[in-house]
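> I'd like to ask some things about the structure below.
Throughout, read-outs are computed from the coordinates displayed, never taken from laboratory work. Fair warning: this is a prediction, and the values are worked out from it, not measured in the lab. Counting neighbours? That spans all protein chains shown, and the Cβs are built from the backbone with ideal geometry, glycine included.
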Amino acid sequence: MDCTSGEQVSEGQAEEGNSAETPISKNQLKRLRKQKKWLESKGEKRKKEKEKRKRKIAEARARGESLGPTRKSLKENSMKNSACKIRVVIDCSFDKYMNDKDTMKLVKQIQHCYSVNRRSANPLQFYLCCSDGKTKERLDRIGDYKNWDVNFRDDPLWDVFEREEIVYLTSDSPNVLTELQPDKAYIVGGLVDHNHEKGLCHRLAEEKSVSHAQLPIGDYVKLNSRKVLTVNHVFEILLRYTETGNWENAFYQVIPQRKTVKLEVEKNTEPSDCIESEESEDIIKCDKNVQDIREENEDSKPKSETTL
Ligand code: SAH
């Protein structure tokens with residue numbers, strides 16, 4: 001069978017020479033074969049990964065290195081026992097803006113959020129509001145989220161939190177977050193859209209008449225690109241901030257260095273002699289006054305500082 005032709009073929013035809021099956025396209029056939037191959041090799045891959053993990057643990061143990069938190073200590077790091085009462089919510093109500101691939105990416109980002117939160121000594125009070133089907137379906141497929149230490153809600157966030165509690169995080173907000181408060185619920189839009197849906201969460205917050213704010217990125221870091229971060233980066237920045245109370249540290253721990261231009265506050269330094277290349281061209285240290293930095297920020301929008 002010439003699989004490079006654009007003809008419709010049947011899976012049965014392709015696999016067994018049975019012409020009675022429903023015809024499928026060349027691309028569907030390719031996808032099915034790929035999926036079959038992946039399923040066949042899955043078990044073997046898992047086994048190899050497990051062996052590799054075991055080997056690494058044994059090697060680290062032999063070198064006397066710390067093996068990270070134990071299962072037992074992780075159990076103690078529960079949201080209930082956490083000293084941190086800051087609520088962070090991922091709003092999974094954007095299915096219609098994502099294709100299957102992006103929904104998968106979102107689920108991976110949610111898994112990452114869970115993983116970093118779980119490993120923190122004082123985890124955030126993590127909520128997932130999944131009123132939409134597709135993201136929930138994906139989560140259902142990975143299954144283990146049902147055992148997660150997370151507040152899972154099937155309802156839209158508007159039914160879970162009071163309007164006055166909500167602070168919708170969005171890079172388009174003119175308000176800049178200065179601190180986090182336990183009587184607020186900070187919402188991260190569960191959306192992977194490659195910036196196709198610009199301003200979506202800001203419009204949503206305005207429509208629902210709830211507060212909104214952007215992270216104070218511009219005060220500490222200059223990004224090479226727009227200030228829109230991924231769900232997991234935003235979540236982890238909030239987590240790191242609650243650990244240290246220091247936004248700058250939080251940004252530098254989380255945002256990949258290749259995306260940043262570092263800004264350093266140093267008095268009595270002329271802005272003109274600021275640029276000095278580091279080992280990576282991605283990082284340029286600038287000795288500047290914060291005010292200069294603010295003025296230079298690409299956003300000319302007025303920003304009001306808020307303690308949301
Ligand atoms: N295109 C979407 C952005 C998706 S990014 C939009 O314009 O609304 C995923 C989520 O991360 C956003 O919904 C927002 O909650 C959060 N986010 C990303 N960058 C942010 C920033 N700089 N400040 C605050 N929240 C941000």
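> Which residues does a label at Asn99 reach in segment 107-144, if reach means a backbone N under 19 Å from a point 7 Å past the Cα toward the Cβ?
107-109, 134-135, 138
> For segment 201-247, which trypsin sites (Lys or Arg not before Pro) are in a loop by DSSP, counting at most 12 other Cβ atoms within 10 Å?
When the trypsin sites (Lys or Arg not before Pro) of segment 201-247 are filtered for loop state and at most 12 Cβ neighbours within 10 Å, Arg226 remain.
> How far, in nm, would the chain grow between Asn224 and Tyr252 when pulled straight, counting 0.36 nm per residue and subtracting the alpha carbon separation?
Between Asn224 and Tyr252, full extension yields an extra 8.7 nm.
> State, to one decimal in nm, how far the label point of Ala58 lies from the label point of Ala83, with both points 7 Å from Cα in the Cβ direction.
Once both label points are built, they end up 4.0 nm from each other.
> Another question about this same structure. Report the GluC sites (Glu not before Pro) located in segment 41-71 that are in a DSSP loop and have at most 15 other Cβ atoms inside 10 Å of their Cβ, or state none.
Glu65
> Here is a further query. Using 0.36 nm per residue of separation minus the Cα-Cα distance, give me the extension gain between Lys198 and Leu32 in nm, one decimal.
Length gained between Lys198 and Leu32: 56.3 nm.
> Could you list which residues have their amide H under 5 Å from that of Leu223, counting only those 5 or more apart in sequence or on another chain, with H placed in the peptide plane?
Hits under the 5 Å cutoff: Val261.
> Filter the cross-link list Lys105/Lys198; Lys42/Lys101; Lys96/Lys208; Lys42/Lys108; Lys136/Lys227 down to pairs whose alpha-carbon distance in this structure exceeds 24 Å.
Long pairs (Cα-Cα over 24 Å): Lys136/Lys227.
> Which of rounded, prolate, oblate describes segment 14-104, given a ≥ b ≥ c as roots of the alpha-carbon gyration tensor eigenvalues and a/c under 1.5 marking rounded, otherwise prolate only if a/b is larger than b/c?
In terms of gyration-tensor shape, oblate.
> While we're looking at this one, here's another question. I need the calculated FRET efficiency for the pair Glu44 and Asp159, taking r as the beta carbon distance and R₀ as 51 Å, to the nearest 0.05. List each step's numbers first, then the result.
Details: r = 46 Å, r/R0 = 0.89.
Given R0 = 51 Å and the Cβ-Cβ separation, E is 0.65.
> Of all trypsin sites (Lys or Arg not before Pro) in segment 30-94, which ones are in loop regions per DSSP and have a Cβ with at most 16 other Cβ atoms within 10 Å?
Answer in residue order: Arg63, Lys80, Lys85.
> If amide hydrogens are placed 1.01 Å from N in the peptide plane, which non-local residues have theirs closer than 5 Å to the one on Ser93?
Under 5 Å from the amide H of Ser93: Gly190.
> If you don't mind, another one. Quote the FRET efficiency, to the nearest 0.05, computed for Lys208 versus Asn122 with a Förster distance R0 of 25 Å and r equal to the Cβ-Cβ distance.
In this case the efficiency is close to 0.25.
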